[in-house]
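Each remark here refers to the structure printed beneath this line.
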Amino acid sequence: MGKETSQLSDHLPSCGDTTTTVKVEQADSEVSMKVQNIVLKMFRVWIYLPFHLLMASIRVHTNSQQSDLFNCNHSLTLVDGKEITVHLLKDIPKRYCFILEEDRAPAPFTVTVTPCDVPIEWSLLVHKGSTNFLGKIAQGEYDVLEATKSQKIPKLVSVMFNYKGNSVETYMGMSSYSAFYMLEVLSIERDTHITVYFTTDTTSGHLYPELPIDPRIDVTGIGHATVTLAWKHSPSILQHKENIQYCLLVNEKHNYKSLCAAETAIRSSGMKSPPVLALSLFPYLLDHQQMMILSRSELSIINRVSNGEVRQICMGNKNTYTVPNLKPSTQYYFDVFVVNLLTNASAAYTGTFARTLEEPQPKVIELKDGKAIHLILDGEKQKFYSLQYQARHQKIQFTFQSCSGQVWVQITRNGKVLTSENIAGFRHFSLKGKLLDTYLVQLRSMDHTNSSVKVQVSSHFHKRFFPLLPESLKIKSFSKLRTCHSVTIAWLGTQEQSKYCVYKKRIKEDQVWMEVRTADRCSGPKSRHKSEKVICRYFYDINLQRAVTTQTIKGLEPGTLYLFDVYLTGPSGIPVRYHSKVVKTRKKC
């Protein structure tokens, strides 16, 4: 028995060996007799071997291409119930095998393949034998050599399923006692990666959440800056509400058939991709091109990419959602994914698209020469504001002071765009044109909260609404002059006689962001408490290089944070606030 087994093992092909196919046609009569004896001995001991090894040992036929196709390395084996990531090189196929245990067959099984970038080709093949055919060989009714030469051996390899595309596809089949399966995947466009999931457990739960019978997304409402969507609940939500949630992707390019495909597109744009939003509502660090919006019931990430933005929103178990802050007259693509929080797996609804309505012509406000106006911009509705001015001189100057938030400004002349940019602080635009040229200024808040801005246009530069400003509005502090009870600061002045007032305020560590970032930059000294005032003085210098002044603030407490502000007030009486400076006094001196 040991000798027979040894002879058998010498002739059994391994799963990854492509050179073990017996070339019967080249064997002489003596070798042929040995092969026949080995085959007969195999059937005498078949009850001691796993059936799939027995089937592999008699894979004797002349179609070498079919035989080589089903060779597969043992290390590339699909594990029941585990999702794997497969990296594919262009035009190089990968093969994964799985063998079902005898006590598990016949039984249902599924194979799910998810492309993450480009369309791929994949096939599921089965290698199986005929029990009647094996029995006839064992009884001597078939001559192995003659059957091989006359092509009478049944084909043992057949294709069960074949697919080409970029959608998530699942094959559901019934296993056989005498079957050996292989999954072959190929990318013909470029290097890519996919995920593969194989399981025989089709009753106790699913790695991938289930989609409803009708997986379409309905567009139930369209506005100038909003689109309302609705979809039918996933059966998984109804069964495992606490572990399943919906996530929405919004972009201006195309629909995505999987979260994997969307993340791949974001990474290919040259930016970092955030973790899948559905997996956790805990905060994490974002790239500077990403913006996170967090509310009680949803988490939204806006990824700024070169060709637009991909907005990701997770809204828990709600199956309706109104997407806000969209651009008017723009086509958007919407994809809904139901995500399993425990397994990280997701299933995609059938994506849809919609075009927002055109924005009605906004009311145009007439600008008067030399007069400043103060506007509150609605950030929630992303409303546009239009200002119009007809030039009475060739040279004019627009001045913008952003009081809070960031403001988008666009200036056109006779329909031609002259400038378009975001403003936070002061900005002057000196323009030269013709008499009676028509200028149109459009404004919009860049934040999702209200912003405010002051605007002035003037053709008389000597009658400015805003005072003459220095090159920089920054306040500098001197570390070497800082003591336990005093701080020395400095700031730039101008060539114009102006009034400068210094204020101080004691703050705590957790107040810094609120005091510095959310302060109204248009507010003047009148908004400050009298106890915060340090000093007011007049100052100017014809030589701008010497237009610098300093102030030492005394009477401070050791190891304490202080906020310092400087206000510049020119002949017009309009104050301008320098950028706030936070300094901490020394703890020990």
Of every hundred units of 1.4 Å-probe accessible area on the range 381-458, the number belonging to carbon and sulfur atoms, as a percent, is 46
Can you give the relative contact order of the range 433-589 as a percent, counting alpha carbon pairs under 8 Å and 6+ residues apart?
32
Using the Karplus curve 6.51 cos²θ - 1.76 cosθ + 1.60 with θ = phi - 60°, what ³J(HN,Hα) values do you get for each residue of the range 573-585, in whole Hz, with x for Gly and Pro?
x, 8, x, 10, 9, 6, 5, 4, 10, 9, 9, 10, 5
Show me the ranking of peptides 109-121, 477-489 by mean Cβ neighbours inside 10 Å, starting with the highest.
109-121, 477-489
About the Cα centre of the range 417-515, what is the dipole size in debye to 20, counting +1 per Lys and Arg Cβ and -1 per Asp and Glu Cβ, all else neutral?
380
For residue 498, tell me the accessible area in Å² from a 1.4 Å probe, rounded to the nearest 10.
0
Looking at the range 342-412, which GluC sites (Glu not before Pro) are in a loop (DSSP not H, G, I, E or B) and have at most 11 other Cβ atoms within 10 Å?
358
I need the peptides 413-419, 441-447 ranked by packing, meaning the mean over residues of other C-beta atoms within 10 angstrom, with the highest value on top.
441-447, 413-419
For the range 404-496, report the % of Cα-Cα distances exceeding 17 Å.
66
Give me the tail of P(r) for the range 507-589 as a percent: Cα-Cα pairs with distance above 16 Å.
63
Hey, which of these cross-link pairs are over 25 Å Cα-Cα: 554/581; 454/474; 480/526; 82/164; 318/381?
480/526
Let me know the whole percent of all Cα-Cα pairs from the range 419-458 that are separated by more than 17 Å.
40
With a 1.4 Å probe and all protein chains kept in place, how do 408, 231 rank by accessible area, largest first?
408, 231
Please list 249-256, 426-433 highest first by mean number of surrounding beta-carbon atoms within 10 Å per residue.
249-256, 426-433
Per the rule of 0.36 nm per residue minus the C-alpha distance, extending residue 419 to residue 320 adds in nm 31.7 nm
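The values are calculated or read from the model by the stated rules, or taken from the named source; none is laboratory data. These figures come from a predicted structure and were not determined experimentally. With ideal geometry, Cβ positions are generated from the backbone for all residues, glycine too; neighbour counts draw on all protein chains shown. Surface areas here come from the heavy atoms of the whole protein model, side chains and all, with no ligands, DNA or RNA. Shrake-Rupley method; radii C 1.70, N 1.55, O 1.52, S 1.80 Å.
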